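I have placed the structure first, in the form of C-alpha cells, so that the comments after it can refer back to it.
Throughout, read-outs are computed from the coordinates displayed, never taken from laboratory work. Just so we're clear, the structure is a prediction, and the values are computed from it rather than from any experiment. Here Cβ is always computed from backbone atoms with ideal geometry, including for glycine, and neighbour counts include all displayed protein chains.
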Number of protein chains: 2
Amino acid sequence: MKVVIVGGVAAGATAAARIRRLDENAEIVVFERSGYISYANCGLPYYIGGVIEDPEDLTLQTPESFYSRFRIKMKIHHEVTAIDPGSKKVSVKNLETGEAFEESYDKLILSPGARAAQPEIPGVGLERVFTMRTVEDTFRIKEYISQYRPKSAVLAGGGFIGLELAENLRELGMKVTIVQRPRQLMSPFDSDMASFIHNEVRRHGVELKLGYTVEGFEERDSGVDVLLKDSKPLHADMVILAIGVVPDTHLAKAAGLELGIKGSIVVNERMETSVSDIYAAGDAVQVKHYVTGTDALISLAGPANKQGRIIADNICGGDSCYLGSQGSSVIKVFDLTAAVTGINETNAKKAGLDTDTVILSPMNHAGYYPGGKVMTIKLVFEKETYRLLGAQIVGYEGVDKRIDVLAVSIHAGLKATQLKDLELAYAPPYSSAKDPVNMAGFMVDNISKGRLKQWHLEEAALLPRDGSAVLLDTRTAEEFARGHIDGFQNIPVDELRERLGEIERDKPVYVICQSGLRSYIAVRILEGNGYEAYNFSGGFRFYDAVMN
Amino acid sequence: MKVVIVGGVAAGATAAARIRRLDENAEIVVFERSGYISYANCGLPYYIGGVIEDPEDLTLQTPESFYSRFRIKMKIHHEVTAIDPGSKKVSVKNLETGEAFEESYDKLILSPGARAAQPEIPGVGLERVFTMRTVEDTFRIKEYISQYRPKSAVLAGGGFIGLELAENLRELGMKVTIVQRPRQLMSPFDSDMASFIHNEVRRHGVELKLGYTVEGFEERDSGVDVLLKDSKPLHADMVILAIGVVPDTHLAKAAGLELGIKGSIVVNERMETSVSDIYAAGDAVQVKHYVTGTDALISLAGPANKQGRIIADNICGGDSCYLGSQGSSVIKVFDLTAAVTGINETNAKKAGLDTDTVILSPMNHAGYYPGGKVMTIKLVFEKETYRLLGAQIVGYEGVDKRIDVLAVSIHAGLKATQLKDLELAYAPPYSSAKDPVNMAGFMVDNISKGRLKQWHLEEAALLPRDGSAVLLDTRTAEEFARGHIDGFQNIPVDELRERLGEIERDKPVYVICQSGLRSYIAVRILEGNGYEAYNFSGGFRFYDAVMN
Ligand SMILES: Cc1cc2nc3c(=O)[nH]c(=O)nc-3n(C[C@H](O)[C@H](O)[C@H](O)COP(=O)(O)OP(=O)(O)OC[C@H]3O[C@@H](n4cnc5c(N)ncnc54)[C@H](O)[C@@H]3O)c2cc1C
Ligand SMILES: Cc1cc2nc3c(=O)[nH]c(=O)nc-3n(C[C@H](O)[C@H](O)[C@H](O)COP(=O)(O)OP(=O)(O)OC[C@H]3O[C@@H](n4cnc5c(N)ncnc54)[C@H](O)[C@@H]3O)c2cc1C
Ligand SMILES: CC(C)(COP(=O)(O)OP(=O)(O)OC[C@H]1O[C@@H](n2cnc3c(N)ncnc32)[C@H](O)[C@@H]1OP(=O)(O)O)[C@@H](O)C(=O)NCCC(=O)NCCS
Ligand SMILES: CC(C)(COP(=O)(O)OP(=O)(O)OC[C@H]1O[C@@H](n2cnc3c(N)ncnc32)[C@H](O)[C@@H]1OP(=O)(O)O)[C@@H](O)C(=O)NCCC(=O)NCCS
C-alpha cells in the first residue's frame, strides 16, 4: 500500500507516524511545501517574544529523525500542485529545483491546513506586512525585528494568534495596537466575558482599536500606515495580519472534492472525502460541532492530531470515527488565562437555542490558603433540558483545569445540574471543598428548582426605575460607597431581616451584591418573607468589569 | 420546624446554611463540641508550618457571623451526649458551664465527623503525643512548638495528614521521621506509584521507617521514645499520631442507629439513617463507593459538604440523592502533587475485578514551551469492558487537572478507550495537542485492538532469562549505559529495522525504553516483522523509580 500525504505537520505527521505503527510495510510519502515538518505552530508566537529561545524547539521532528524512526520520506520544499483522483496520482513540484513530477497513491491524505486570511485590500503584499503560519513566516518576522528594531506594531485581528503576538511583542518592549472590525477580541467568548480580556491587554499597555475597518496599508517613513475606514490612519513600524484562517483547499477544489464552509473539505465521520481513497483532516476540513450538530470550522491542534490518527486507523483496515469538535481552547493573555469549551451564549442564541447562563466568581483554591485568585465562570445551558452547551472562564491559576472538567462534562452529555455531583479532588492548594464547577452546578440546580431567579447584565439598563420595582444592593455600606448602579438602595445582607420594612411589599426586588453570593442569600431571605426577588448574575464585580 | 445539628463544620455548617436558604422560618440549632465552627480542617497542617499565618484564616465563619447572616444559633463548647429518638430529644452538655439540658428536634442531623484513630498502646495520652483534628488540637501543637522548640518529631502514620504534617514540620526545620506498619505511604496509591512519594519525602530529608509497628510511647529526656516491635525505639522531641480516622459515632450507636464499617452510620441515598427524622452526613457515615458499588468509608471534605446540602434539601421537602463517593483526592507533598480518583489496582484486584493498567509519563504541557515537567499517570481499567476504575498521578503542575478530568470521566461512566476522544483545551503553556489523558486513551485503544501487549513491573523478575525469550532495551547506547535491567540487550529503536537479524525469531520479545513510547514503536516494528512483542508498561524511568 502506498500512502501519499499532503502537508507534514499536525494531522499529516501524526497520520504518517500512526500508519507506520500499524503497517510496517506501507510506503508512505509526505509532501510538505515549507522547509519544516512536525512544527509547533502553536509555539511560533512565543519564539517571537523569546520565550522559546532555540529555533530547534519549534520542530518536534526533522525529516531525518522522522525517517530514521519511521522510514517515512518527508519531502520538504515539495508542493503538491494537483490531484488526479481518476489515475490516483498527484502532481508535485520540487520548490528547490523547480522539477515537477507525478506521484501515484493508493490512499491520499489531505492535511494542508489553513492559511492566514488575507483581505483583498491594497498593501497586503508589503514587505512590512506579515502573516504567521509557518516556521519561515516566523523567522521572517523575527529577522525583521532583529534587523530593524521596530518600535511599534499594529496587529490586524484580535483572535488567538493576534493576542499571543501582542503579548510577545510587548515582551520585546514594542508599542502594540490591535485593530479590528469586531468590537470585541476573541470571538469564542461572549462580549461580556471578553471585557476581562480587554482589561488585561490594556493593563499591559496594548492599545485596542475595536470597531475599525482596515482598508489598506501604505509604506511611509520606513513604516506602514494602516488605513482605516472613517478614521485617520495608524502608523507603525510593522504590521501583522491575524484576522483568521481559511482552509487551504484549492487543490481539493480543483480535484472536484465536495467543499463546505469557506471552501473546507467535506468529510464523513471516518474522515473520508467525497472521492474514494482520499481522506482529509485538520484545519482544512469541515467538522460537525459536537454541541450543535451543525457544520463548523474549528481550527485546533488537538482535533487535527486526532483526525490524523483516525485516518491512519481507517486506511489500515480499522473503523475509527471522529465524533465532532467542541472548540475547547485556552489562551494565556499576559497574566490572565482565558478558556472556552462548547458554544457561547451569542452563538447558542444564533442557533435558536433557548439558553440561560450562570456567572460566578469563585477562587481557584481555598481562600484561606495563600495565593488564591478569583476566576470568572460563565456557564451556558439550555433552558428546560439543562443541557450543558458551553462554558467560558477567565482568571489565573486553575482556569484550564475547570474548562477541561467542563469539556469532559459536555463530551459525556452531563446536564448542567449534574455538575453539583462531580467529585473533584480537593486539598487547599488546589481547590475548594465546593469546587468552582460544583458551585456552578449548585446554582443551576437552584434555577431548576425555582430557587434562584436571575436578572442579567443586558437587563440592567431596562430595570423599571419608576418605583414599580425595588432595586437593592446588599453589600456593605463601604462597598456601596465605592461604586454602585444608579437607582439602587443599599441594605447589607446581614441587616436585611431587620430592615425588611424598608422594602415595599408586592413589588419585585432586583438584588445585587459583589459576586452574587450575598445577593443570592438576600433573595432567599426575601422569598422566605413573601417577596418576589431576582438575583443579579455575576454581581457588581462582573457589572463593573464589563461596563467600565 | 426545628432542626438540631450535631457538629458545626463541613457537613453540619453547610446543612445549616442551606436549610436557612430554603426555609426562612426553620429554627436551627447547631451544637459544636469544640470552640470553633466552620473551620478549615484541611488547612490545619499549614498553620503549623506557618504557610497559613493568621489563625483567623482557619475559620470560615464565627458563631457571630453565622448568626448575623443565617440567624442560626451556633452553640460552641456544647457537646451532645445522647439522642432519644423516641421523644425526639438530644441531651446536651455546656462544656463551659457544665450545665446539662435537653433540646427537642423535629429533624436531627448528625455530622460529628471522625476522630483521629488512637491505637490501644501505652503512652497514647502523653503530653508530647499529639493528634490533629480540631483547631484546638492545632493550637496545642503550635504552642508546644513555639514554647519548647522541639528539634525532632516522629509522625506515626503516613497518610494525607501525616504527609502534610511532615512537610510543614520540615518547613520549620525539624527532623522528621514517619513510622508506620504498612510498607508504603498513602494507601490510596498502589505501591509502585507510592514510590514516587517516598522518593520525594526522602529527598526533602524525611526519614521513613516503613514496616515498623509502634508498640507504645514513653517519656524520656524531655522527649518521647517511640517503642517499635522488633526494633530499637525511635526518640523524638514530639510525636503526632496520624494513623487514620474513625467515625465518631458513639452517640449514634447508643441511640440504636444502624451502624456499618468501623461503626459508621448507615444511611440511604437521601442520607437518612435507620431511624426516622435522623439524618447523617460526612466522615461519620458509610457511603456507596461510586466505582465498586460496595460500602465504603471515604473521609473527604467535598463529599461531606455535598451530603450536608442534600440533607438540607430533603429536610425542606426536596428529594436529593447522594450518588456515592469515588475517593478523588489530591495532596501536595513538598514540590510534588499526588492525586487519585476511583480505585487503585490493589483494591480493584481485591474486589475481584479483572483489571489492566497503563502507565505513562507525559509532560504537563508542550515540551517546547519552557518549564514543562513530567508526570506519571497510572490508569486502572477493567479488562474486556474497558470500564474506567481509577487513576493515580504523581508529578508537578497539571496533576490536579488531569485527575479531575479522569474523575469526571469516571463519574460519567466513560470507558478508558473513550479518553482518546476527549477534546481538552490546548495551548503550549497548559497542555499538549495530545493531552496526557488523550494519550492514556490512545494506549488503552491500542490494547483493546490488540496492538499493544504489555508486560508489567511485577513480571520483571519473572521474565524468562534462559534464552527462551528476547529481552530488548531500545534506548540509546548512552541511556543503556547509565542503567538497565540485567539480562537486556540494547538495540536503539532507530536501528532496530537494520538489526532485526540480531533478534531471534519465534521467541517472544520483551521490550523496554525510557518512558514506554520508543519501546511501543519498537513493538510495532517487531510485530510488523512477524515477532510477538510486549511493551514494558511505564518504561525504565518507572522501573527505576520503583525499584531503586
Ligand atoms: C501561530 C499559531 C498559533 C496556534 N496556536 C494554537 C493553540 O494554542 N492551540 C491550538 O489548538 N491550535 C493552535 N493553532 C492551530 C493549530 O496549529 C492548527 O489547528 C493545526 O496545526 C492544524 O493542523 P493541520 O495538520 O491541519 O495543518 P498545519 O499544521 O497547518 O499543517 C499543514 C501543512 O501543510 C502544508 N501544505 C499546505 N498545502 C500544501 C501543498 N499543496 N503541498 C505540500 N504541503 C502543503 C503547509 O505548508 C503546512 O505546513 C495555532 C496556529 C498558529 C498558526
Ligand atoms: C488535618 C486534616 C486535613 C484534612 N485535609 C483534607 C483535604 O485536604 N481534603 C479533603 O477532602 N479532606 C481533608 N480532610 C478531611 C475533611 O476535613 C473531613 O472529611 C471533613 O471535615 C468531614 O466533615 P464532617 O462535617 O463530617 O466532620 P468535621 O468537619 O470533622 O466536623 C465534625 C464536628 O463535629 C463536632 N462534634 C463531634 N461530636 C460532637 C458532639 N457529640 N457534640 C457536638 N459536636 C460534636 C466535632 O467537634 C467537629 O468539629 C482533612 C482533615 C483533617 C483533620
Ligand atoms: C511529532 C509527531 C509526528 C508525533 O506523532 P505521534 O508519533 O503520533 O505522536 P507521539 O510522539 O505523541 O506518540 C503518540 C503515540 O505514542 C503512544 N504512547 C505514548 N506514550 C506511550 C507509552 N508510555 N507507552 C506506550 N505507548 C505510548 C500513543 O499511544 C501514541 O501511539 P498511537 O497513535 O499509535 O496510539 C506529531 O505529533 C507532530 O508532528 N506534532 C507536531 C505538529 C503539531 O501537532 N502541531 C500543532 C500543535 S503545536
Ligand atoms: C462556611 C460554610 C458554612 C458555608 O456554607 P454555604 O453557605 O453552604 O457555602 P458557600 O458560602 O460556599 O455558598 C454556597 C452557596 O452559594 C451559592 N452561590 C455561590 N456563588 C453564587 C453566585 N455567584 N450567585 C448565586 N449563588 C451563588 C451556591 O449555589 C450555594 O448555595 P446553595 O447551597 O443554596 O445552592 C461551610 O462551607 C463551612 O462551614 N465550611 C468550612 C468547613 C469545611 O468545609 N471544612 C472542610 C474543608 S477545609
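Between rounded, prolate and oblate, where does the protein assembly as shown land on the alpha carbon gyration tensor, with a ≥ b ≥ c its root eigenvalues, rounded for a/c under 1.5, else prolate if a/b exceeds b/c? Verdict is oblate for the protein assembly as shown. For segment A:328-483, the Kirkwood hydrodynamic radius from C-alpha pairs, put into Stokes-Einstein at 10 °C and a viscosity of 1.306 mPa s, yields a diffusion coefficient of 95 µm² per second.
Eigen-decomposition of the gyration tensor built on the alpha-carbon atoms of segment A:229-297 gives equivalent ellipsoid semi-axes of 33, 15, 10 angstrom, largest listed first.
Counting every pair of alpha carbons in chain A, the share spaced more than 34 Å apart comes to 48 percent. Available extension along the chain between B:Q489 and B:D354 is 45.4 nm, counting 0.36 nm per residue and deducting the alpha carbon span. Just so you know, the Rg over Rh for segment A:74-233 is 1.07, from Cα atoms, with Rh as the Kirkwood radius.
Take the Cα of B:E258, step 7 Å toward its Cβ, do the same at B:L323, and the gap between the two points is 2.4 nm. Calculated FRET efficiency, B:A117 and A:T385, Cβ-Cβ r, R0 60 Å, to nearest 0.05? Efficiency computed from Cβ-Cβ geometry: 0.80. The H on the amide N of A:W455, modeled in the peptide plane, is under 5 Å from the matching H of A:N535, A:F536, A:S537, each at least 5 residues off or on a different chain. Counting only Cβ charges, +1 for Lys and Arg and -1 for Asp and Glu, the dipole size of the protein assembly as shown around its Cα centre is about 420 debye.
The residue list B:V51, B:L95, B:T14 was ranked by how far each Cα lies along the charge dipole of segment B:1-103 toward its positive end, using unit charges on Cβ atoms, and B:T14 comes out on top.
Counting other Cβ atoms within 10 Å as a rough exposure proxy, the listed residues A:S195, B:S537 run A:S195, B:S537 from fewest neighbours to most.
Summing Lys and Arg as +1 and Asp and Glu as -1 over all other residues whose Cβ lies under 10 Å from the Cβ of A:H484 gives a net charge of -2. Between A:E502 and B:M547, the distance separating the two model label sites (each 7 Å from Cα on the Cα→Cβ line) works out to 7.4 nm. Separation of segment A:385-454 from segment A:218-274 is 36 Å, based on Cα centroids. About its Cα centre, the dipole of chain A is roughly 380 debye, where the only charges are +1 on Lys and Arg Cβ and -1 on Asp and Glu Cβ. Would you give the gap between the C-alpha center of segment B:141-170 and the C-alpha center of segment B:172-207, rounded to a whole Å? Cα centroid to Cα centroid, the span is 14 Å. Loop-located GluC sites (Glu not before Pro) in segment B:206-263 (DSSP state other than H, G, I, E, B) with a sparse environment of at most 16 neighbouring Cβ atoms within 10 Å: B:E258. List the residues of segment A:255-295 whose backbone N lies under 18 Å from a point placed 7 Å from the Cα of A:A82 along the Cα-to-Cβ direction. What the label zone holds, given the 18 Å backbone N cut-off, is A:255-257. Here is the list for segment A:505-534: trypsin sites (Lys or Arg not before Pro) lying in DSSP coil, each with at most 13 other C-beta atoms within 10 angstrom of its C-beta, are A:R505. Projecting the Cα atoms of B:G244, A:I521, A:A255 onto the charge dipole of the protein assembly as shown, computed from C-beta unit charges around the Cα centre, puts A:A255 farthest toward the positive end.
Local charge for A:K175 was computed over the other residues whose Cβ lies under 14 Å away, with Lys and Arg +1 and Asp and Glu -1, and equals +1. The lysines whose alpha-carbon is closer than 25 Å to the alpha-carbon of A:K151, local same-chain residues fewer than 8 away aside, are A:K142, A:K175, A:K209, A:K229, A:K232, A:K332.
Neighbour counting of Cβ atoms within 10 Å sorts the residues B:T273, A:T341, B:T59, A:T385, fewest neighbours leading, into A:T385, B:T59, B:T273, A:T341. Where both bridge residues fall in the protein assembly as shown, DSSP classifies roughly 55% of the beta bridges as antiparallel.
Label segment B:180-272 by shape, choosing from rounded, prolate and oblate, from the square roots a ≥ b ≥ c of the eigenvalues of the Cα gyration tensor; if a/c is under 1.5 it is rounded, and otherwise prolate applies when a/b is larger than b/c, oblate when it is not. Verdict is oblate for segment B:180-272.
Each residue, A:E207 and A:K449, gets one label point 7 Å from its Cα in the Cβ direction; the gap between the two is 5.4 nm. Taking every DSSP bridge with both residues inside chain B, close to 55 percent are antiparallel.
Over segment B:1-116, the hull volume per residue, using the convex hull of the C-alpha atoms, is 110 Å³. Each Lys or Arg adds one and each Asp or Glu subtracts one; over the other residues with Cβ under 9 Å from the Cβ of B:V380, this totals -3.
Legend: translational diffusion of segment A:461-548 by Stokes-Einstein, Rh = Kirkwood radius over C-alpha pairs, 25 °C, 0.890 mPa s; D = 192 µm²/s.
Given H placed 1.01 Å from N in the peptide plane, which residues other than close sequence neighbours of B:F130 have an amide H under 5 Å from its amide H? Amide H neighbours of B:F130: B:V239, B:I240, B:L241. Toward the positive end of the charge dipole of chain B, with +1 on the Cβ of Lys and Arg and -1 on the Cβ of Asp and Glu, the farthest Cα among B:Q392, B:S68, B:V275 is that of B:Q392. Quick check on segment B:225-370: take the gyration tensor over C-alpha atoms, sort the square-rooted eigenvalues as a ≥ b ≥ c, and tell me if it's rounded (a/c under 1.5), prolate or oblate. Note, shape of segment B:225-370 comes out oblate. Exposure proxy shown here: for A:V135, B:V374, A:V129, the number of other Cβ atoms within 10 Å sets the order, fewest to most, as B:V374, A:V129, A:V135. Over the C-alpha atoms of segment A:395-548, the Rg to Rh ratio, Rh being the Kirkwood estimate, stands at 1.01.
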